[in-house]
1. Quickly run through segment 95-106 and pick out the residues that are touching a strand residue (DSSP E or B) at 6+ places or on another chain (Cβ under 6 Å) and surrounded by 22 or more Cβ atoms within 10 Å (Cβ to Cβ).
2. Does THR174 satisfy the condition of being crowded, with 18+ Cβ neighbours inside 10 Å, modelled with pLDDT of 95 or more, part of a helix (DSSP H, G or I) and out of contact with any strand residue (DSSP E or B) (no Cβ under 6 Å at 6 or more places or on another chain)?
3. Look at LEU133 and say whether it is crowded, with 20+ Cβ neighbours inside 10 Å and in contact with a helix residue (DSSP H, G or I) (Cβ under 7 Å, 6 or more places away or on another chain).
4. When you scan segment 117-138, do you find a residue that is in contact with a strand residue (DSSP E or B) (Cβ under 9 Å, 6 or more places away or on another chain) and either assigned to a helix (DSSP H, G or I) or farther than 26 Å from LEU189 by Cβ (or both), even just one?
5. Can you name every residue in segment 136-159 that is crowded, with 20+ Cβ neighbours inside 10 Å, touching a residue at least 60 places away in the same chain (Cβ under 8 Å) and within 23 Å of GLY218 (Cα to Cα)?
6. Across segment 184-203, what is the total count of residues that are surrounded by 14 or more Cβ atoms within 10 Å (Cβ to Cβ) and touching a residue at least 24 places away in the same chain (Cβ under 8 Å)?
7. Within segment 58-96, can you find the residues that are in contact with a helix residue (DSSP H, G or I) (Cβ under 7 Å, 6 or more places away or on another chain) and of a type in the set (S, T, N, Q)?
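The values are calculated or read from the model by the stated rules, or taken from the named source; none is laboratory data. Because the structure is a prediction, the values reported are computed rather than measured. Here Cβ is always computed from backbone atoms with ideal geometry, including for glycine, and neighbour counts include all displayed protein chains.
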Amino acid sequence: MFIMMNPYMMGGFDSTYMIYLIIALTIPALAQGFLSSTFNKYTQVRSSSGITGAQVARKILDSNGLYDVTLAEVPGKLSDHYDPRHKAVRLSKDIYSGNSIASLAVAAHECGHAIQDAKAYAPLKFRSAMFPLVNIANKFGYLAIMIGLIAGIMDFAMIGVVLIGIVVLFQLVTLPVEFNASTRAVRQLDDLNVFYSPEEKTGARKVLTAAALTYVAGAIVALAELARWIMILNRRNRR
């Protein structure tokens, strides 16, 4: 997560902060609002098949030979995820037990990640390999920038920017992973004939698109933050 630091911390007003602030506040809010409205709408639309999220997830996993992937219910709202370490698809209560268009779409999406894992999908493997480095970058990126700026050691501050860049790269790699999982989800739902009408298929695609846009918004904010710090350091170097 990116930190919105005080524009006066380094002395003087940072004009790039206002641009970043507008991006950071508006784009994620718009994406989250679109997701909430779309998800809430299709949570109220029941699938004609009457199948639940857990049932469709099990069907997708079994039809792809992923019998070893476990399926479990977890607490929370939209806490759904695939855990590659334990080979487990974990669905929130509303998704696990629900039979709405939204429930089936989300369940299928998480199974899409399980299929990616089974097929050694390159972006997913690269993303997973980045986790340890990203954790370090998250912890020390901003610390390095602040120490470098306060001490006047620009090379040290640039190390912090490089660490932030690693986090940004991680978010960019996440985009194809998420979009591909959604594409796989739609294909699996079609192959299993889960939906009985074009309207249901369209609804599922809208839910998955809305969810994907939240990742796009996050990536845009991350890029804006990285660009802001690069401009700040460039200005300091020219002094």
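1. Listed by number, the residues that qualify are TYR96, SER100.
2. yes
3. Details: crowded, with 20+ Cβ neighbours inside 10 Å: no; in contact with a helix residue (DSSP H, G or I) (Cβ under 7 Å, 6 or more places away or on another chain): yes.
No: the conditions fail for LEU133.
4. Checking segment 117-138: at least one residue is in contact with a strand residue (DSSP E or B) (Cβ under 9 Å, 6 or more places away or on another chain) and either assigned to a helix (DSSP H, G or I) or farther than 26 Å from LEU189 by Cβ (or both).
5. Result: ILE145, single match.
6. Final tally of qualifying residues: 10.
7. If the condition is that a residue be in contact with a helix residue (DSSP H, G or I) (Cβ under 7 Å, 6 or more places away or on another chain) and of a type in the set (S, T, N, Q), then ASN64 is the only one that fits.
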